[in-house]
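A.B. asks: Just passing along the structure, written as structure tokens.
The values are calculated or read from the model by the stated rules, or taken from the named source; none is laboratory data. Because the structure is a prediction, the values reported are computed rather than measured. Here the Cβ positions follow ideal geometry from the backbone for every residue, glycine too, while neighbour counts run over all protein chains shown. The accessibility values were calculated without ligands, DNA or RNA, using every heavy atom of the protein model including side chains. Shrake-Rupley method; radii C 1.70, N 1.55, O 1.52, S 1.80 Å.
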Amino acid sequence: MDKAAKIYVAGHTGLVGGAITRGLKKQGYENVVGKTIEELDLTRQQQVEEYFAKEKPEYAILAAAKVGGIHANNTYPAQFIYINLQIQCNIVNAAYLHGVKKLLFLGSSCIYPKHAPQPMKEEYLLTGKLEPTNEPYAIAKIAGIKMCQSYNREYGTTFISVMPTNLYGPGDNYHPTDSHVLPALIRRFHEAKTAGSKSVSVWGTGKPRRELLFNEDLADACIFLMNHYDGNEFVNIGTGEDHTIAEYAGLVKDVVGFPGTIEYDTSKPDGTPQKLLDCSKLHGLGWKHKTTLKDGIARAYEDFLARFGG
Ligand code: GFB
């Protein structure tokens, strides 16, 4: 991408889109554009088409989505499937109609079967049943991959897709019940420390394994792939390393400095037993993550304190 090219980041205020926007600007891209949900409702086809016709972006990064952790996915299945399908349909089609040179679609590692062999290779897509807690979201994301591939095949577009593993970092959503595990733990341990509580409740058994990637590393990988990858097959983005929820809880406890104990609330779901991506394809292209878990969690906690600590 030319440094002066107009790049539209859909979802530019979110955890992923925000990090991509900051990453692009840091790398010298001068013409990065975005619209808030109040300015442009991406679920409305007419608004999206009018925006593309007027703005004429040369490149588009689709980081806008209805997202959340296990509880939110389980509680709002209609919103997760409807909003995500709508956004994808509108943006992918508008990008085609208005001659966008290249589009990057962001999926999620939950597209893989619940019991897929680990680490999960790109070719495991659609080889088994999905995890029920996030099936509607996963189906929407699978449709997004298939849309990009179909437009490439029929119309000769260059629409690439990436599948990030679980994410965290500055700009995250720290909602007590609807957020992902890492921001939820940061908030809960911080509140327990402030309140002088003796223990913190962590959902599930603590045994499921998750791979966590820092959002700024994901942004860097997306910009790298926009410049170095044109393939029709999607690309996994992760660290290649997973840990149990109990290990993450221990790390957050240390970073926050909570002196008490941890209790497991087994009335809450565990979700998929393990989610670890095989990133050989991405590594083969020449990209690797940089941020260690400890540094990443410390940066995320700083972000939480700056936004909600006072
Ligand atoms: O990030 P998370 O909500 O989503 O993590 P998934 C869920 C895991 O963390 C489960 C445990 O094993 C939970 O039992 N956990 C422990 C907690 N304490 C908490 C807590 O306070 N909050 C949360 N949220 N979890 C998501 C999908 O699955 O993965 C999304 O639902 C998306 O669609 C995302 O794909 C990447 O990893 O289970």
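A.B. asks: Once phi is turned into ³J(HN,Hα) by the Karplus curve 6.51 cos²θ - 1.76 cosθ + 1.60 with θ = phi - 60°, what whole-Hz value does each residue of the range 106-118 show in order, with x for glycine and proline?
C.D. replies: 9, x, 6, 5, 6, 6, 7, x, 3, 10, 5, x, 10
A.B. asks: Still on this structure, I have one more. Is the shape of the range 1-105 best called rounded, prolate or oblate, per the rule: a/c under 1.5 gives rounded, else a/b larger than b/c gives prolate, else oblate, with a ≥ b ≥ c the square roots of the Cα gyration tensor eigenvalues?
C.D. replies: Cα axes put the range 1-105 in the oblate bin.
A.B. asks: Need one value: the accessible area of Met163 in square angstrom, 1.4 angstrom probe, rounded to the nearest 10.
C.D. replies: 0
A.B. asks: If you don't mind, another one. Per-residue HN-Hα couplings for the range 190-195, Karplus 6.51 cos²θ - 1.76 cosθ + 1.60 at θ = phi - 60°, whole Hz, x for Gly and Pro?
C.D. replies: 5, 5, 5, 5, 4, 7
A.B. asks: Further question on the same structure: With the cut-off at 1.5 for a/c, could you classify the range 14-73 from its C-alpha gyration tensor as rounded, prolate or oblate?
C.D. replies: Note, shape of the range 14-73 comes out oblate.
A.B. asks: What residues of the range 37-65 lie in the reach of a label at Ala5, counting those whose backbone N is under 17 Å from a point 7 Å from the Cα along Cα→Cβ?
C.D. replies: 56-63
A.B. asks: If you roll a 1.4 angstrom probe over the protein chains with everything in place, what fraction of the accessible area of the range 75-151 belongs to carbon and sulfur, to the nearest %?
C.D. replies: 60
A.B. asks: List the aspartates and glutamates whose alpha-carbon lies under 14 Å from that of Lys290, not counting same-chain residues fewer than 8 positions away?
C.D. replies: Result set, ordered by chain and number: Glu216, Asp217, Asp220, Glu241.
A.B. asks: Within the range 180-236, report the trypsin sites (Lys or Arg not before Pro) that DSSP leaves as loop and that have at most 14 other Cβ atoms within 10 Å.
C.D. replies: Answer in residue order: Lys198.
A.B. asks: Mind checking the full-extension length gain between Glu50 and Glu123? Use 0.36 nm per residue of separation minus the Cα-Cα distance, one decimal, nm.
C.D. replies: 22.6 nm
A.B. asks: At 1.4 Å probe radius, can you tell me the per residue accessible area of the chain in Å²?
C.D. replies: Result: 44 Å² per residue.
A.B. asks: Carbon and sulfur atoms: what percent of the 1.4 Å accessible area of the range 229-275 do they account for?
C.D. replies: 49
A.B. asks: Another question about this same structure. How many nm is it between the label spots at Lys294 and Tyr82, if each spot is 7 Å from the Cα in line with the beta carbon?
C.D. replies: 4.7
A.B. asks: Note the angle between two axes, namely the Cα long axis of helix 135-155 and the longest principal axis of the Cα atoms of the chain, as a number of degrees from 0 to 90, rounded to the nearest 10.
C.D. replies: 20
A.B. asks: In Å and from the alpha-carbon atoms only, list the Rg and Dmax of the range 47-196.
C.D. replies: 17.4, 61
A.B. asks: List the residues, sorted by chain then number, that are 5 or more residues from Ile237 or on another chain and whose placed amide H is less than 5 Å from its amide H.
C.D. replies: Correct list: Met163, Thr165.
A.B. asks: If you don't mind, another one. Hey, which lysines would be in cross-link range of Lys66, C-alpha to C-alpha under 20 Å, not counting anything within fewer than 8 residues on its own chain?
C.D. replies: The reachable lysines, counting only those whose Cα sits under 20 Å from Lys66, are Lys35, Lys141, Lys146.
A.B. asks: According to the Kirkwood expression over distinct Cα-Cα pairs, how big is the hydrodynamic radius of the chain, in Å?
C.D. replies: Kirkwood radius, the chain: 19.8 Å.
A.B. asks: Run the 1.4 Å probe and let me know the accessible area of Lys253, rounded to the nearest 10 Å².
C.D. replies: Roll a 1.4 Å probe over it and Lys253 shows about 40 Å².
A.B. asks: How large, in percent, is the carbon and sulfur part of the accessible surface of the range 162-217 at a probe radius of 1.4 Å?
C.D. replies: 53
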